[in-house]
1. Taking B:G178 as the residue in question, decide whether it is surrounded by 14 or more Cβ atoms within 10 Å (Cβ to Cβ) and either in the same structural domain as B:G40 (by TED's automatic domain parsing) or at positive phi (or both).
2. Only residues in the stretch B:341-367 that are within 14 Å of chain A (Cβ to nearest Cβ) count as the first member; pair them with residues that are surrounded by fewer than 18 Cβ atoms within 10 Å (Cβ to Cβ), Cβ under 9 angstrom, at least 6 apart or cross-chain, and list the lot.
3. Please give the number of the condition B:D300 fails out of (1) at the interface with chain A (Cβ under 9 Å from one of its Cβ atoms); (2) charged (D, E, K, R); (3) closer than 24 Å to B:K354 by Cβ; (4) crowded, with 24+ Cβ neighbours inside 10 Å.
4. Where the second residue is surrounded by 18 or more Cβ atoms within 10 Å (Cβ to Cβ) and the first is among the aromatic types (F, W, Y) and lies in the stretch B:223-244, which pairs have Cβ atoms under 8 Å and are six or more apart or on separate chains?
5. It is to be established whether one or more residues within the stretch A:172-186 are closer than 20 Å to A:G36 by Cβ, open to solvent by 50 Å² or more (accessible area, probe 1.4 Å) and among the basic types (K, R).
6. I'd like to know if the stretch A:74-91 contains one or more residues that are open to solvent by less than 50 Å² (accessible area, probe 1.4 Å) and under 24 Å from A:E245 (Cα atoms).
Amino acid sequence: MTALDSFREETRAWLEENCPASMRTPMPEREMPWGGRQAKYPNPDTKVWMDNMASRGWTAPTWPAEYGGGGLSKEENKVLQQELGAIKARPALTSFGLWMLGPALLEFASEEQKKKYLGEIIRGEIRWCQGYSEPGAGSDLAGLQTKAEDKGDHYLVNGQKVWTSYADQCDWIFCLVRTDTSVKHDGISFLLIDMDDAGVEARPIKLISGASPFCETFLTDVKVPKENLVGDLNKGWTIAKRLLEHERSMISGMGMGAGAASMGGMEAVAKENFGADGEKIADSSIRQAVADHKMDQQAFGLTLKRAEAEAKAGQGMGAAASMFKYYGTEVNKRRFELLLDLMGTQALGWEGEGFDKRELAVTRSWLRSKGNSIEGGTSEVQLNVIAKRVLGLPDA
Amino acid sequence: MAFVLTEEQTMLKDMAKDFFTEQVPVANLRKLRDAEDADGYDKAVWKQIVELGFAGILIPEEHGGTGFGPMGLGIVMKEAGRTLAASPLYSTAVLGAGLIMAAGSDEQKGALLPKIAAGETLTALALEETNHHNPLNTAMTAEKSDDGFTLTGDKKFVIDGHIANTLIVVARTGGAAGDAQGLSMFLVDAKADGVSITRNHMVDSRNAASIGFANVQVSADAVLGSLGGAYAELESSLDLARVCLAAEMLGGAETVFDTTLEYLKERKQFGVIIGTFQALKHRAAELFCEVEICQSVLLDALSALEDRRNDTPRAASLAKARVGDALRLITNEGVQMHGGIGMTDAVDVGLFMKRARVQAQMLGDTNFHRARYADLGGY
């Protein structure tokens, strides 16, 4: 038996023992395991599962063990993911700390910072949000104005952030702040702020979908200890760019799966609404539209796989994250547009009688999908990045 | 799944790239066109292609080939597409070798494959009868005669039809147009009595012919594959050819994209390089994404063929359709971004756009393959 085989065997046995039965069922939105100081656990198993996995560092399987991570190799992690998949286990912890901040800390933070913050993330103790965009700095992110003044033993922070995901439910925020007003990109620093500190206030924003996953976050005379600066002073833009790559690949991944699947698949919805001629969707133009879309989706999925294979072989696809963000989100938006076309009036409900839960969810998801090509850098910004970094087209 | 080329495949690619770039540049096609060359291909170039082993790239070594398989063939076709290289590669090394390997008897393989690999026999597939590719709609008949069959009917859009020695003819020995049952294939000598071949001058300056069959007599051993049941063998070979065609098309798309990008970096208007304009930058970036997406579907389709995967037909239709869409966009944008000069015969981009139109129609256009993709997906 190889070492990997015995790892698989041991993992399988451990999961059998430690993954509660209810954590092997489909996860309702309200049971998402975000963790954090304000977390509520409508299903107590959620917390048990999180703690069990965190005890092995398996909420962050590939992070170094010295910081509380699993310390697994790529191959071991693959085995772990396969075994988790085999028992249909829910994620033990979902968090921006895991997806975005953690990788950036591993690369840029001091030893003390890694010790403190990574462990908190892994154990799901602190829920993080991202303070990047500002009312006056969207696509032009580096134009941000939130100021951090050096006051000797601390920074005094003043400004306003926007589109901070779930800020009203988060504990800490990682922020881009201006520490030099005389230059643009080279005057930005990366600062960690405790949202319990005086002067931090988050207000939810109501979106077209009716949901409020984002907030405005106001920072008024917030005193931030100097040790909360990550990386060098005025070098925050480097960290910001790296973090955006994580965010972009995360959002492009959203292009797959959800939506039509809940309705039994695009083809089934089409047949239900436009009739079936044997196996075929009876309306040929609808059939072509469905096929066209499914081909695009398949092509995108293959491209994700190719990028993975090339990365493994030590080859790079260039500004791959930007390409995936652009293409993936545009495909996802087209998917919901087509799904609404197929569903007709049943996609037009807002709430109440006449529509089932899945139909209402599709309508809301359609509205939510519009943000995919805006958040994390608009499609236009992604195209700029490709034009500049991959194609070498000159600036004006 | 092979998304990354092996060392051996990379060497093949480099060799093919050097060869086509240096020995068969686009100027070669212009020369054939302007000289109104009767054959429409350069015999000296074909000889070199044969010597490099490309004619027999699909053919196993026991039959005189190099046995590189579908992936190797796709790699070569892509490089040929980059320079619009006019040669019998597609008609003979892809379709001819593919069909005979898939459907031929041991005798037929032994007789024909070594000659194909040696470049001595050129083949052409006589399949199309209507304006749109649809093998099931074949109406041409082959009637049983005393010691063989009598072929009667008309074929069109036969690629390399006027230079081939051996025609592979699809005809009905049963059933009616629309039926899969009753289709058969025949090996017919191009010089046989009753065969009349007319070369068609195509918009891409490449070879195609219309061929009439008037009571053409063939013997029983001219049947290629199973009598009345050749549809499956035909389709699997067509899928190979569709993917190789997609490879050739993507090669063309890459060249047009590269040259257009170069042009954006050197052309000045309003006192600045036009590549600084965001309207053009975004379109160029979109074309880049198209090329990348197409690389993925092409490599997947080639590995499907290589590994004889069950979903090969779907992968082939995906490749032909998706690359077809991208090539149309890229050649049209290429002409547009070149501006007035793009309308002239002096630059190559127009040649690629004309070739793209022909390639789109070969073995099924995007509409055909979208519908087929849906069929195979069960919807």
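The values are calculated or read from the model by the stated rules, or taken from the named source; none is laboratory data. Everything quoted here is computed from the prediction, not taken from an experiment. Neighbour counts are summed over all protein chains in view; Cβ atoms, including those assigned to glycine, are modelled from backbone coordinates with ideal geometry. All accessible areas refer to the heavy atoms of the entire protein, side chains included, with ligands and DNA or RNA removed. Shrake-Rupley method; radii C 1.70, N 1.55, O 1.52, S 1.80 Å.
1. No; evaluated as a whole, the condition is false for this residue.
2. B:G364/B:H132; B:G364/B:N134; B:D365/B:H132; B:N367/A:Q288; B:N367/B:H132
3. Only one criterion in (1) at the interface with chain A (Cβ under 9 Å from one of its Cβ atoms); (2) charged (D, E, K, R); (3) closer than 24 Å to B:K354 by Cβ; (4) crowded, with 24+ Cβ neighbours inside 10 Å is unmet by B:D300, namely (3).
4. Cβ pairs passing all conditions: B:Y231/B:P135; B:Y231/B:L183.
5. no
6. Yes, because at least one residue in the stretch A:74-91 is open to solvent by less than 50 Å² (accessible area, probe 1.4 Å) and under 24 Å from A:E245 (Cα atoms).
Results for (1) open to solvent by 10 Å² or more (accessible area, probe 1.4 Å); (2) not small (G, A, S), shown as yes or no for each residue.
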| site | (1), (2) |
| --- | --- |
| B:L112 | yes, yes |
| B:H133 | yes, yes |
| B:A139 | yes, no |
| B:G148 | no, no |
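Residues checked against (1) out of contact with any Cys (no Cβ under 7 Å at 6 or more places or on another chain); (2) farther than 26 Å from A:K206 by Cβ; (3) among the hydrophobic types (A, V, I, L, M, F, W, C):
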position: A:A137; (1), (2), (3): yes, no, yes
position: A:D140; (1), (2), (3): yes, no, no
position: A:G152; (1), (2), (3): yes, yes, no
position: A:V162; (1), (2), (3): yes, no, yes
position: A:S165; (1), (2), (3): no, no, no
position: A:C170; (1), (2), (3): no, no, yes
